[in-house]
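Here the structure comes first, spelled out in structure tokens, and everything after it is commentary.
What follows is calculated from the coordinates using simple rules that are stated; it is not laboratory data. Everything numeric here is computed off the predicted structure, so don't read it as measured data. Positions of Cβ are backbone-derived with ideal geometry, glycine not excepted, and every protein chain shown enters the neighbour counts.
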Amino acid sequence: MDTSEYLPMFLAESREHLQELNLAVLKIEENPEDKEKIDEIFRVAHSMKGMSATMGFAAMAELTHKMEDVFELLRQRRGGLSRDAIDAVLACLDMLESGVQNIDEHGEERLDPKELIARLDALVHERTPEQKAAKLGGVAPDNAELVRLAAGRPVIHVLARLAEDVSMPSVRAFMAIGACSNLGDVLVALPDEDAMEQFSGEIVEAWVVDADPDALRNAVAEVEEVTSVEVDEVDVEQLMIDVADAPAEAEAEEAVAEVKAAEGEPKPAAKSGSGAAKTVRVDAERLDQLMHYMAEVVVHRTQLEALVSDADHPGLASAMQELTRSSQSLQTMVMQVRMIPVEAVFMRFPRLVRDLSGKLGKEVNLVLQGQDTELDRTVVDALGDPLVHLIRNSVDHGFEPPEERLRLGKPETGTLEVRARPTGGGIVITVKDDGRGVDPQRVAAVGVKRGLISADEAALVDVPRAIELLFSAGFSTAEKATDVSGRGVGMDAVRNRIRELGGDVIMESVTGQGTTTEIRLPLSLAITSALLVEAGESTYAVAIDRIERTVRVEDWTVRGVAGRPMLVMGEEVSPLIDAASALAGRDDHAADKPYAVLVRSQAGRTIALAVDGLLGQRELVCRSLPPEVGEDVPVAAAAVLSSGEIALVVDVDGLTREHDRAVRDDAAATNEENHGLHRTAA
Amino acid sequence: MSDSESRQLVVFALGREEYALPISHVHEIIRYTEPRFVASREEWTRGVISLRGKIIPVHDLAVRLGLEVTEREEGAGKIVIVESGTEMVGVIVDEVEEVVVLENEQIEPAPGSNDGAVNGVGKLDDRLIVLLEPAGLFGSESVAELTEA
């Protein structure tokens, strides 16, 4: 069977299954009596094995099969699996994952599971023969026994498939095995005599000696309702693998059927225990294309709107309105379709934390919250690495070893909380630990060593300044890079990645009590509702969800504070920044402009952006700027307007940062002057 | 590119001189449109244009090579869209002249180093054509990373 067309599906599902298994195994380690989880493990491992076998990935199928044997212990013994067994199973999952990766990259498994299989075998050896026999449906084609029974004669393996709608499987199985025993000596048969009566499967197998393979094939094929017969000679070594594969092959058909169903039509309600939803699996690339075309529709609609406003044709305006309305609904829909729960990344964390804390000898309790918060797929994909980095940082640098925690009067086990929650136009993901927090002195010392600050400055470093240093390029908190925290990627990389997504990272810390890092992200990336403004004869766009309001500057008071204009509106005082200069990278104070747009940064600060004119609201398709332009100015993206003109999208957070920096530079300059005066006086 | 082979080059005029880029790196040539100015670190970066919806940076070759920048007449000039790696950049030139084939023996190494922008000088009859190196010219890999570091 050509299975290549199912490969992408296989890869995607295998990865999902492996994630689920990883999580479930950790849950079982915590609570071995969780019956539901045990069932889930069996279900998932089972379909994983079937899929691998169907796709012809024998090593993965065998490995999964052996892993199932270990899981079987869960059902037989109370008190769960030993630490050894859990470790072996996790190692097994890792190997399966690298198998999936290799298949993705090279088209083949490239696995050598021998050692691991031996390790798994060793774990299940204590199992009683009766239990083993029960598992295999009444028959134990035990290798040693077969060798003994075969007594040196070549063994022929017969596998017959019955029709899917077979009416009397037990009768057909009896007939098929009977046909074999007419021609030779049947050593073992599946189903065996005891199970024959209740047999309801579709696969009949027999191990036969002293028979002609072709005669066997013909005889079994003649049995009614047998659709295919496979006959092959096996040596004992091969036999072992066949034994491992036999149950897997039985599921193969089922797995293919599932894959087929998912291809064309909605899958029957998902089998997974949590929430049986009506879902369809869609290729991610198609979603991206959908988004792309949607974006084009929006651009064309904007163009059309501009034309319609100039035209005078009865009914045109209202038709345009209808089109706008329905295309907006469509747009909302497309956005929603692209949303997936952040759980997709959160799933990686329990395993990550277990491995890291184990390696570092720390005790960490991971609390995940808000996994069902939804985000655009691209954002979720891009979130993984930055979050992993934050978690590693917490486990590696944040948490104290248990004995130190006890000495400090803290609970022995540290708590790491990863929480997602929706806010107005986006979501916030918080990574919070109750570890040692940021130590300004330690950070300052590293800062000096890295040449980021002078020794004089180091004495003045407080927590906020230390955090700023942590985010500087070229800073790594690890005094020596460990294999946990890695080298070369620091918090600046995390922040850059998040900013690329249109978000920001904010860190707060109390020395000795812990660190909280917040990642703020927009819900979706591509289409933004924006206000177009004119500044210095150029057009800029400001995202609507960042705008508090727009005002006429003449209606309010402008005051100078420390040489910088502030817009005073009753209680509210905001810095007034000239858009034309700020966005072109100049720091001009002059702001004799008729309008001000009040924008709010992620951190909740308000800035009044002085502009020449307000041009109205548009739906914009934002595209990122090439890396070599606008590096130092607060513009986040570019959008092509219906006129063909390019509008630059204002980076509100960048604007706030630029402003803060300018104010700080002013202050520093003033200090310097004072300092200078002081010296002359002395 | 092996030594025995010839190179296909797009030749264009800039001021009174002639420059060339390998044809394999020239994506297309468009009429000059005023780029949308974006303040940037490099003085030769003039801003961005939209090429069928894609935002690409536009660089002024004359400024990059340290030539005298002359005012261009309305409607004059071209933008050569150069492919470098996965990136596309627009390069402002005066006029695109022709495509020529130069044998490797007609090409000499550039006199003096020019920070990676020039990779040789071609001789064609009595013409001297400066061969530009697309990756070293504005290359995000070279210039940008050097300034980043």
Greater than 24 Å apart at Cα, pairs in A:LYS37/A:LYS410; A:LYS362/A:LYS410; B:LYS54/B:LYS78: A:LYS37/A:LYS410
The range A:338-403: proportion of alpha-carbon pairs further apart than 14 angstrom, %: 59
For the range A:3-55, Kirkwood radius (reciprocal of mean inverse C-alpha pair distance, Å): 11.7
DSSP beta bridge pairing in chain B, given as percent antiparallel to the nearest 5: 85
Alpha-carbon Debye profile of the range A:413-467, log10 I(q)/I(0) at 0.18, 0.24 Å⁻¹: -0.72, -0.84
Value of relative contact order over chain B, rounded to a whole percent, pairs C-alpha under 8 Å and six or more apart: 26
Likely footprinting exposure, A:LEU146, A:LEU655, fewest C-beta neighbours within 10 Å first: A:LEU146, A:LEU655
³J(HN,Hα), Karplus 6.51/-1.76/1.60, whole Hz, each residue of the range B:24-37, x for Gly, Pro: 5, 9, 8, 7, 6, 10, 10, 5, 5, 10, 5, x, 6, 5
The range A:547-601: Rg to Rh, with Rh as the Kirkwood radius over Cα pairs: 0.93
Low-density loop cleavage sites - GluC sites (Glu not before Pro) in the range A:188-239, where at most 11 other Cβ are within 10 Å (DSSP): A:GLU197
Per-residue average of Cβ from other chains inside 10 Å of A:443-454: 0
Where labels lie 7 Å past Cα in the beta-carbon direction, separation of A:GLU537 and B:ILE30 in nm: 2.2
Exposed-loop-free span, longest in chain B, where trypsin sites (Lys or Arg not before Pro) count as exposed if DSSP calls them loop and at most 14 other C-beta atoms lie within 10 Å: B:73-149
Orientation-averaged projected area, Cα convex hull of chain B (nm²): 9.6
